[in-house]
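Remarks on the structure that follows.
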Amino acid sequence: QVQLVESGGGLVQAGNSLKLSCIPSGRTFSSNTWAWFRQAPGKEREFVAGMSWNGGTTDFADSVKGRFAISRDNAKKFYLQMNSLKPEDTAVYYCAASIYYTNAPSTFQYEYWGQGTQVTVSS
């Protein structure tokens with residue numbers, strides 16, 4: 001089992017930055033891919049960014065390329081640095097872990113999810 005806890009959400013003005021954190025615990029060594037998804041009201045959950053467990057491969061949704069970055073530290077915490085935020089980035093952001101997939105932009109590919117953290121960008 002893998003447990004995920006997100007933090008760092010909040011209310012920011014458009015153009016500003018925010019950094020989300022994801023703290024994994026449990027059998028984290030069994031995970032191949034870590035990712036961030038988001039879900040806006042009335043919309044489906046969508047892929048934002050993903051990273052292989054060793055950090056060697058990253059992937060981003062077109063809507064956030066050049067603005068968002070995904071990273072990890074030696075303590076195995078994962079981060080989503082969000083710059084130049086836009087009102088359309090407003091959503092609940094989720095950290096997710098996939099055991100079996102290395103290229104995983106779909107929600108069904110992830111076995112473990114955090115509880116989510118709200119990000120609101122005002123215009």
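The values are calculated or read from the model by the stated rules, or taken from the named source; none is laboratory data. For clarity, every value in this text was computed on a predicted model and none was experimentally measured. In this analysis, Cβ positions are derived from the backbone assuming ideal geometry, glycine residues included, and neighbour counts consider all displayed protein chains. Side chains included, ligands, DNA and RNA excluded: accessible areas come from the protein's heavy atoms. Shrake-Rupley method; radii C 1.70, N 1.55, O 1.52, S 1.80 Å.
Points worth noting:
- Test for Ser25: is it at pLDDT 95 or above and open to solvent by 40 Å² or more (accessible area, probe 1.4 Å): no
- Ile99 vs. criteria open to solvent by 20 Å² or more (accessible area, probe 1.4 Å) and touching a helix residue (DSSP H, G or I) at 6+ places or on another chain (Cβ under 7 Å): yes
- Qualifying residues in the stretch 97-123 (those that are modelled with pLDDT of 95 or more, assigned to a strand (DSSP E or B) and within 19 Å of Gln3 (Cα to Cα)) - the one farthest from the chain's Cα centre (by Cα): Gln118
- Selection count, the stretch 75-96, where residues are open to solvent by less than 50 Å² (accessible area, probe 1.4 Å) and either out of contact with any strand residue (DSSP E or B) (no Cβ under 7 Å at 6 or more places or on another chain) or closer than 12 Å to Phe37 by Cβ (or both): 7
- First in the stretch 58-77 and of a type in the set (A, V, I, L, M), second anywhere and assigned to a strand (DSSP E or B), Cβ under 6 Å, 6 or more apart: Ala61/Phe47; Ala61/Val48; Val64/Val48; Ala69/Gln81; Ile70/Ala49; Ile70/Met51; Ile70/Thr58; Ile70/Leu80
- Residue within the stretch 54-74 that is surrounded by 16 or more Cβ atoms within 10 Å (Cβ to Cβ) and among the polar types (S, T, N, Q) present: no
- Sole exception among (1) in contact with a strand residue (DSSP E or B) (Cβ under 9 Å, 6 or more places away or on another chain); (2) on the phi > 0 side of the Ramachandran plot for Ile70, by number: (2)
- Filter pass, Ala69 being under 10 Å from the mean Cα position of the chain (by Cα), farther than 22 Å from Gln1 by Cα and in a strand (DSSP E or B): yes
- Residue list for the stretch 1-18, filter: over 14 Å from Thr90 (Cα atoms) and assigned to a strand (DSSP E or B): Val2, Gln3, Leu4, Val5, Glu6, Ser7
- When Asp59 is tested against (1) under 19 Å from Gly8 (Cβ atoms); (2) touching a Gly at 6+ places or on another chain (Cβ under 8 Å); (3) assigned to a strand (DSSP E or B); (4) not aromatic (Phe, Trp, Tyr), just one condition goes unmet, and that condition is (1).
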